[in-house]
Amino acid sequence: MNPTPRPDMSANAPSITVDLPTIKVPDHPQWPALSTAEKEALKTEIKTLLKQRNAVLVAHYYTDADLQALAEETGGCVADSLEMARFGAEQEAETLVVCGVRFMGETSKILNPEKQVIMPDLAATCSLDEGCPADQFSAFCDQYPDHTVVVYANTSVEVKARSDWVVTSGIALPIVQHLAERGEKILWAPDRHLGHYVQHISGAEMIFWPGSCVVHEEFKSVALERTRRLHPNAAVLVHPESPQNIVDQADVIGSTTALIKAVKEMKNREFIVATDGGIFYKMQQMAPDKVLIEAPTAGEGATCVSCAHCPWMGMNSLQNLAQVLRSGENAIEIDPAVRERAVKPIQRMLDFAKTHGIGMQNKGNA
Ligand code: 13P
Ligand code: SF4
């Protein structure tokens, strides 16, 4: 496919004036190195504790490879955020141990209020969630009462509770297309890049909250052009949280699951990958003979302290997973009244996915 550049949509989009909070991006955690024997001992302990607690691991593709492998070995799930949400709801286990970022744990708890949901580190957040405070967002929505409010899953429980639909990157486009066909105007939050991409394809009438992902923001267009020249036969895979000038160079644009699927199914031998490097574990597992190249970031001059690696996803490790299973601490608690409102737009998304057969077979192996 030849990438087709398009006009900068952000120039035409209605802009809003909100004083967004300054997001404190942590350094990527440096976990003490473990010897092979220490690692094996921790894994054995975690497996025993999972059984004792009747618990199951639900891990995102961006987490450490050891955690993804452990989730697979113990009958848990490694997936994108849509499948993580669905997987938890299908489990008989009493405890869901969510290795990912906080909104993923909260979504699991919203869908499974009767289960205990714990996370290795409750401080593992997301720049999109941090950049969309519920009170400011609610005031923004109040200005557009005739718009359908569609929010990305990477948001707080309170923001979800203010929405009509929750979407993940794996289902955002079909849902917005569906709403556009019904003639609905859309208020979209918080990721403006994903929003602009979806608007470009669907033609929907949309206004945007100006949020972004600090990890995907760091992919650089000129450097990517250079990398493409060096690898002319490589397919370019891009997560739609990336800026438009990166998306415009993509051969495949999609959720983490869609990008893994592309590596497995496309004939190309080389792939330039513009998303968090944690995804390489599953890509390599699915297609061991393929060559994966990280899309270039700003490197030294970057504002992101850990380019192409989400520092919040990096807060999950074997060490703190074992600790949380020993102690049972770090449980997600949600106000029942807010949960009651937040579950409706999430359930709407899951029902839509079921009716339209979206992502139903993607559990763990893309
Ligand atoms: P996916 O739903 O595509 O896994 O994306 C979640 C995310 O946070 C990407 O940065
Ligand atoms: Fe949030 Fe970006 Fe990290 Fe995904 S990669 S969890 S969008 S900060």
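Readers should treat all values here as calculations from the given coordinates under stated rules, not as data from a laboratory. Since this is a predicted model, take the numbers as computed values, not measurements. Every residue, glycine among them, receives a Cβ derived from its backbone with ideal geometry; neighbour counts consider all protein chains shown.
Quick notes on this one:
- The convex hull built on the alpha-carbon positions of the chain has an orientation-averaged projected area of 18.0 nm².
- Calculated mean residue ellipticity at 222 nm for the chain: -11500 deg cm²/dmol, from DSSP H runs with n ≥ 4 weighted as -39500 (n - 2.57), summed, divided by the residue count and rounded to 500.
- With 0.36 nm allotted per residue and the present C-alpha distance subtracted, the Lys344-Ser327 stretch has 2.9 nm of extension available.
- Highest mobility in the GNM of the chain, judged by mean-square fluctuation with C-alpha springs under 10 Å and restricted to Ala235, Ala153, Ala274, is found for Ala235.
- Highest-fluctuation residue, Cys307, Cys213, Cys141 considered, GNM on the chain with Cα pairs under 10 Å: Cys141
- Exposure proxy ranking, count of Cβ atoms within 10 Å, fewest first, for Val324, Val167: Val324, Val167
- With semi-axes defined as the square roots of five times the eigenvalues of the C-alpha gyration tensor, the equivalent ellipsoid of the stretch 54-165 measures 29, 14, 11 Å, largest first.
- Within the chain, the longest segment free of exposed loop sites, counting trypsin sites (Lys or Arg not before Pro) that fall outside DSSP classes H, G, I, E and B and have at most 10 other Cβ atoms within 10 Å, spans 25-181.
- Springs between Cα atoms under 10 Å define the GNM used for the chain, and in it the highest mean-square fluctuation of Gln285, Gln30, Gln199 occurs at Gln30.
- Over the stretch 215-366, volume per residue of the alpha carbon convex hull, in Å³: 166
- Longest site-free stretch - the chain; sites: GluC sites (Glu not before Pro), DSSP loop, at most 14 other Cβ within 10 Å: 206-328
- Residues Cys310, Cys77 in ascending order of nearby Cβ atoms (within 10 Å, fewest first): Cys77, Cys310.
- Extension gain, Ala69 to Lys290, is 77.6 nm, computed as 0.36 nm per intervening residue step minus the present C-alpha separation.
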